[in-house]
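Beneath this line is the structure, given in structure tokens, with notes to follow.
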Amino acid sequence: GTIVIRNKHLVAEMRDFGRYEGEGRAEGISNNDDMVMANMIAIAASHQAGKGGANWSEEHLAARGDRAMLMPQTPTVWGLYNQYSVLVEQFPTEKSCHDKLAELEAKHKIKLPWTVRGIPVTRANTIWSPIWDGRGTRPEAELHDQYGVEPKHMTPDLVHAYQEARRQSARTAAEIGEFMNVTSDGEDE
């Protein structure tokens, strides 16, 4: 009685959902299985979010004592954003972010129209990275390997400028490094 299914298309997909003998993966057999998968995800999320009930506010769950059944809270770092919603600097705590804002306001003797916002930290691996997966001739890998540019500092503008510099002249990578005032080992000269 926990779940009531009223969608005939979902029921049809569920009837053809299973696995062939000897296989470990369950899926739609000669049929789609998107609705079945979506419902399984919804049921799992519902279970992890507090085991039922429509009122899942923090106060309600704290009163029920169901906090232990919730998923762990997402780690957060804090960002200081300017009036154009551009990240100025990132800090490990909200307090250090507010302290930096107060320091800048005191230094410049103005009230800055900046905001402090939390940034959820994801620990998920990316599917593809032009730096680590694209070894060889990829400009991102060249910038990292030959000039020591860290991935967190590699912006689309930098990659584009690097590609344009290579296109506009037939310079070798070492000549481009000299032009950029960077040696091949990534040290500034």
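Here's the list of lysines a cross-link from LYS152 could span, going by alpha-carbon distance under 25 Å and ignoring same-chain residues fewer than 8 apart: LYS95, LYS100.
Between LYS107 and ILE29, what is the spin-label point distance in nm, taking each point 7 Å from the Cα along the Cα→C-beta axis? My value for the distance between the label points is 6.8 nm.
Which FRET efficiency value, to the nearest 0.05, do you get for LEU158 and GLN90 by plugging their Cβ-Cβ distance into 1/(1 + (r/R0)^6) with R0 = 25 Å?
Numbers: r = 19 Å, r/R0 = 0.75.
Efficiency, from the Cβ-Cβ distance: 0.85.
Amide H contacts under 5 Å for ILE119: VAL77, TRP78, GLY79, restricted to partners 5 or more places along the chain or on a different chain, H placed in the peptide plane at 1.01 Å from N.
Where a number appears in this text, it was derived from the coordinates with a stated rule and is not lab data. As the structure is a prediction and not an experimental result, all values here were calculated from the model. Cβ coordinates were reconstructed from backbone atoms using ideal geometry, including for glycine residues, and neighbour counts include every protein chain displayed.
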